[in-house]
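The values are calculated or read from the model by the stated rules, or taken from the named source; none is laboratory data. Everything numeric in this text was worked out from a predicted model, so none of it was measured. Methodologically, a virtual Cβ is constructed for each residue, glycine included, from the backbone with ideal geometry; neighbour enumeration extends over all protein chains shown.
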Amino acid sequence: MRPSDLLTMTPSGLYCPQADAHIDPVRPVRRALITHGHSDHARAGHGAVLATDETLGIMAVRYGPDFAGATQAVRYGERVDLNGVTVSYHPAGHVLGSAQIALQCGGVRIVASGDYKRARDPTCAPFELVPCDVFITEATFGLPVFRHPDTRHEVDRLLASVRVFPDRAHIVGAYALGKAQRLMALIREAGYEEPIYVHGAMERLTQFYQDQGVQLGEIRKVQAAERPKLGGAIVICPPSATQDLWARKFPDPVTAFASGWMRVRARARQKGVELPLVVSDHSDWDDLCATILQTGAGEVWVTHGQEDALVHWCVTRGIRAQPLHMLGYGDEGEVEPETNVLAGEAAPAEAAT
Amino acid sequence: MNRFAELLDRLGYEPGRNNKLRLMTDYFRTTPDPERGFALAALAGGLSFANAKPGLIRALIAERTDPVLFGLSYDYVGDLSETVALLWPSPAESHARAEPTGFDGDLDLVEPRPVARGHNRPPPSLAEVIESLQVSHRSDLPGLLARWLDGLDETGRWALLKLITGSLRIGVSARLAKSAVAALGELDPNDIEEVWHGLEPPYESLFAWVEGRGPRPEATDPAPFRPPMLAHPIDDSDFDSLDPAEMTAEWKWDGIRVQVVGGTRPDGRRVQRLYSRTGEDISNSFPDLVEAIDFDGAIDGELLILREGRVQSFNVLQQRLNRQSVSPRMLVEFPAHVRAYDLLHWGEEDLRPLPFCDRRERLEAMLAAAGNPRFDISPLIPFRTWEELAAARANPGEAGAGVDAAAVEGCMIKRADSPYVPGRPKGLWWKWKHDPHVIDAVLMYAQRGHGKRSSFYSDYTFGVWRDGPAGEELVPVGKAYFGFTDAELAELDRFVRRNTINRFGPVREVTHEPDRGLVLEIAFEGLNRSTRHKSGVAMRFPRVSRIRWDKPPAEADRMEILEKLLRREAELDESAES
């Protein structure tokens, strides 16, 4: 069996004809295999969804309990047979419940990694390497300028700023699912014990993490009236809210943003960020390259992000590689900041979850 | 070096002056000598490294990266220093990452994370970098730079490359850096200025003094900068309490305020310097003036361009100010001149405690004795009542300024008995400037501000009407971001949000139709021709003076008004030139 027979591109997304299943489809399908809960990968309205228990939980928080006709939870490493195709889910280290999906049939194994990272994250299971023939990798940060620093250092910078400016509120933009909770956990690891304040838009997902046993310390929802009194506090909110009317009532706010994009100074400036924190839930360039080599894959399909550089790099290493131009991804998580600002203002859908 | 780099990085993002100060003061407080002293030198702009050129940096990165990947990266980042800082394969950063679980492969394959060459080097200190650069030979530079880049983290590499290429661009003036040092010991920034020009990096005696551990450094410089005395804008209500008999008045010239200082070293060598009002040594830009300093003393005055005895307009002066190097032709076509206001020092004597009228006598005597054509005195305006002064101010040409009237931007009022007090003391000096030009313009675009204003649309691009190819159109003529109160800002912001018709990143285009939109009354000080702007004009010091909620955009001003003003300013220039 050729890899392209096992998995093919359709307008709805990656499709396995023999299993009659799509991976992270962008429109409603009969059977969907979902890698993780970000809204560009996990959409409502499918006939049946196979995902980890945590991902199903996140989808229920966001879309309500009836987000799909039927659901089936799968454990990491468990093998599920779909019409002769062996499907298994393996930790991707991206957010709570995130998985790479391995499809195996007729001696061919393809791993669709979804979004993944190799850096340490106290809020989810670490990435697990799955040797394969074809590796489908993301390329959100697929340029060699993206090399994420140690997150401890970034959190130290935030706490140092709180020390120098004890009367200013530190408003930290972070994606509501994953980044926000990881940041909270990292701040706790650095020894910060004050309450951490959150925007209402991330309250339920944060509660979900805590219900799953992730230790985040005392988390308080910001009450509108108390904003002027939050000098010296750390406040985590969706990225668009840092530029919103909402942020104005805090005392002389320091605008921070936790994202891999913050590595490039011009990107941070365009967003009006004063304290850029390079904290990413995606692989940086070095980890993308390392992971590709470690999987032993002879062929690499590169999806959403900076495909060109990664494809070039593969070819110089003698690995067959091609870009997969998939539409509809990158709407949540670490999408290019400019687009996100506009999307955030025009449609505060994210804030409603 | 890494800590200094983090400071630079943070300063670059921080828009607020007071917050910049706090960041620097915190750095100086927590960083030992001599590192902080070299940091102060770098922040105050006193360092330059002749041999470090972008070509060298390109060559270093080309040896270390795939050209295709470098090209894609540079296109994306758009800044050479930053691209190199991000791409540099540093052994210092090849820290172990999470080992893969479930796989037992050969990790030596992992590239491009480099294999450390030899042992990891400790990052260089800022002191090491600066001292080495000053003594190293050009041919040693590539090796030296590569070694340092290997030892630094990304921010450190970025700061190093910015430092050696001389483009920090973090919005910190020398004055602000000195203010941060002063704040360490609750001193006034002027106290730092007084001793500054006798000191060298790393300024250990300065820090010792500021922190109360040592004596005030001796000002050994024979031609030091002395912080200038500044005036308050006068208010109509001030006149009632001021007695004309106790005051003097003189023209306020539209040039740049300078301090001209000459001195003699103990070994007899002459020192001649020209300082800007912020204490920047600008001698190199005005060699014609500097070589004419044949006295031991300090004059406070206005730098002007004089052609055949006539003062040229600020527009003419600006043509010389904008040049990096001074050509012989420039010296002939734009001869620099100082019109003296005050004498601060003469020989061994500090004149600043004397009353203004006494200093003025000394200044007159000194200039008369010297007979130096590069210097003359700013004449006093005779007046007995405020009405007489108002009349003189309204018509400087008739009141003594003569052909130089075009270069007068108002008048100065000084107490005859005022000592020379650095800073802006109350109740001694006032400035009474000409009324600004005012136009009604239409708001076209708004951009978000910074800092406290980062969630407000507070930068406004405005336009006036003109005949376009397709009928009446608005052409942008300037940008203003102050002049309004916080309450007005909130109203303007609301207007922008409710009337947005387009978005471009942080910029919003706002409705601007003849019958719908917002008229802003814009005040400004002058108008220049400019090729940078679509309209061909550039305003000096534009600000919002009133918000005309009542006025329909169709009734805003037209381009012809600005063209007329431009012609009038050009005529004044010409009449002054002829």
Quiz item: Where residues in region B:156-200 are in a helix (DSSP H, G or I) and touching a Lys or Arg at 6+ places or on another chain (Cβ under 6 Å), which of them is surrounded by the most Cβ atoms within 10 Å (Cβ to Cβ)?
Solution: B:ILE192
Exercise. Enumerate the strands (runs of 3 or more DSSP E) found wholly within region A:31-77, keeping only those where 1 or more residues are surrounded by fewer than 18 Cβ atoms within 10 Å (Cβ to Cβ).
Key: A:46-51, A:68-73
Quiz prompt | Selection count where residues are small (Gly, Ala, Ser) and touching a strand residue (DSSP E or B) at 6+ places or on another chain (Cβ under 7 Å), scope region B:393-406 | solution = 1
Quiz prompt | Selection count where residues are touching a strand residue (DSSP E or B) at 6+ places or on another chain (Cβ under 7 Å) and either in a strand (DSSP E or B) or loosely packed, with under 15 Cβ neighbours inside 10 Å (or both), scope region B:427-451 | solution = 17
Practice problem: Would you mind stating whether A:ALA247 is closer than 24 Å to A:GLY114 by Cβ, small (Gly, Ala, Ser) and within 7 Å of chain B (Cβ to nearest Cβ)? | Solution: no
Exercise. May I ask you to say which residue of B:ASP557, B:ASP493, B:ASP486 is in contact with a Phe, Trp or Tyr (Cβ under 7 Å, 6 or more places away or on another chain) and either touching a residue at least 24 places away in the same chain (Cβ under 8 Å) or farther than 30 Å from B:VAL408 by Cβ (or both)?
Key: B:ASP493
Quiz prompt | Selection from region A:250-262 of residues that are outside any strand (DSSP E or B) and more than 7 Å from chain B (Cβ to nearest Cβ) | solution = A:PHE250, A:PRO251, A:PRO253, A:SER259, A:GLY260, A:TRP261, A:MET262
Exercise. Examine region B:543-554 for a residue that is within 30 Å of B:GLY402 (Cβ to Cβ) and within 26 Å of the chain's Cα centre (by Cα), and state whether such a residue exists.
Key: no
Quiz item: For region B:226-242, what are the residues that are over 16 Å from B:CYS411 (Cβ atoms) and either assigned to a loop (DSSP other than H, G, I, E, B) or of a type in the set (Lys, Arg) (or both)?
Solution: B:ARG226, B:PRO227, B:PRO228, B:SER237
Exercise. Mind listing just one residue for me: the one in region A:83-130 that is of a type in the set (Lys, Arg) and assigned to a loop (DSSP other than H, G, I, E, B) and, of those, farthest from A:CYS289 (Cα to Cα)?
Key: A:ARG120
Practice problem: Take A:ALA185 and decide whether it is within 12 Å of chain B (Cβ to nearest Cβ), crowded, with 16+ Cβ neighbours inside 10 Å and at pLDDT 95 or above. | Solution: no
Quiz item: Among the residues of region B:288-302 satisfying the criterion of being surrounded by 20 or more Cβ atoms within 10 Å (Cβ to Cβ) and among the acidic types (Asp, Glu), which is nearest to B:ARG273 (Cα to Cα)?
Solution: B:ASP300
Self-check item: Criterion: assigned to a loop (DSSP other than H, G, I, E, B) and more than 27 Å from B:ALA570 (Cβ to Cβ) - qualifying residue of B:ILE299, B:ILE293
Solution: B:ILE293
Self-check item: Answer from A:THR291, A:THR316, A:THR303, A:THR295 - the residue that is over 25 Å from A:GLY178 (Cβ atoms) and among the polar types (S, T, N, Q)
Solution: A:THR316
Quiz item: Restricting attention to region B:164-221, and to residues there that are at pLDDT 90 or above and β-branched (Val, Ile, Thr), which single residue is nearest to B:ARG270 (Cα to Cα)?
Solution: B:ILE192
Quiz item: Do you know which of the residues in region A:138-147 that are facing another protein chain (nearest Cβ under 10 Å) and not aromatic (Phe, Trp, Tyr) is nearest to the chain's Cα centre (by Cα)?
Solution: A:GLY142
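For every residue, the table says whether it meets (1) crowded, with 22+ Cβ neighbours inside 10 Å; (2) among the polar types (S, T, N, Q); (3) in contact (Cβ under 8 Å) with a residue 40 or more places away in the chain.
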| residue | (1), (2), (3) |
| --- | --- |
| A:PRO126 | no, no, no |
| A:THR137 | yes, yes, yes |
| A:HIS153 | no, no, no |
| A:ASP156 | no, no, no |
| A:VAL162 | no, no, yes |
| A:HIS170 | yes, no, yes |
Practice problem: Identify all residues within region B:72-81 that are loosely packed, with under 14 Cβ neighbours inside 10 Å and more than 7 Å from chain A (Cβ to nearest Cβ); write none if there are none. | Solution: B:ASP75
Exercise. Taking the residues in region A:293-308 that are touching a strand residue (DSSP E or B) at 6+ places or on another chain (Cβ under 8 Å) and within 10 Å of chain B (Cβ to nearest Cβ) as candidates, determine which candidate is modelled with the lowest pLDDT.
Key: A:GLN306
Quiz item: Filtering region B:480-509 down to residues that are under 13 Å from B:TYR445 (Cβ atoms) and surrounded by fewer than 13 Cβ atoms within 10 Å (Cβ to Cβ), which residue is farthest from the other protein chains (Cβ to nearest Cβ)?
Solution: B:ILE501
Quiz item: If you go through region B:50-63 one residue at a time, do you hit one that is within 24 Å of the chain's Cα centre (by Cα) and either of a type in the set (S, T, N, Q) or buried (at least 17 other Cβ atoms within 10 Å of the Cβ) (or both)?
Solution: no
Quiz item: Which number in (1) facing chain B (nearest Cβ under 10 Å); (2) farther than 28 Å from A:MET9 by Cα; (3) of a type outside the set (Val, Ile, Thr) marks the one condition that A:GLU218 misses?
Solution: (1)
Quiz item: Which residues, counting only those in region B:243-284, are touching a Ser or Thr at 6+ places or on another chain (Cβ under 8 Å) and in a loop (DSSP other than H, G, I, E, B)?
Solution: B:ASP254, B:THR278, B:ILE282
Exercise. Could you run through region A:264-278 and say how many residues are surrounded by fewer than 24 Cβ atoms within 10 Å (Cβ to Cβ) and more than 7 Å from chain B (Cβ to nearest Cβ)?
Key: 2
Quiz item: So which residues in region B:62-89 are outside any helix (DSSP H, G or I) and on the phi < 0 side of the Ramachandran plot?
Solution: B:GLU63, B:ARG64, B:THR65, B:ASP66, B:ASP79, B:TRP88, B:PRO89
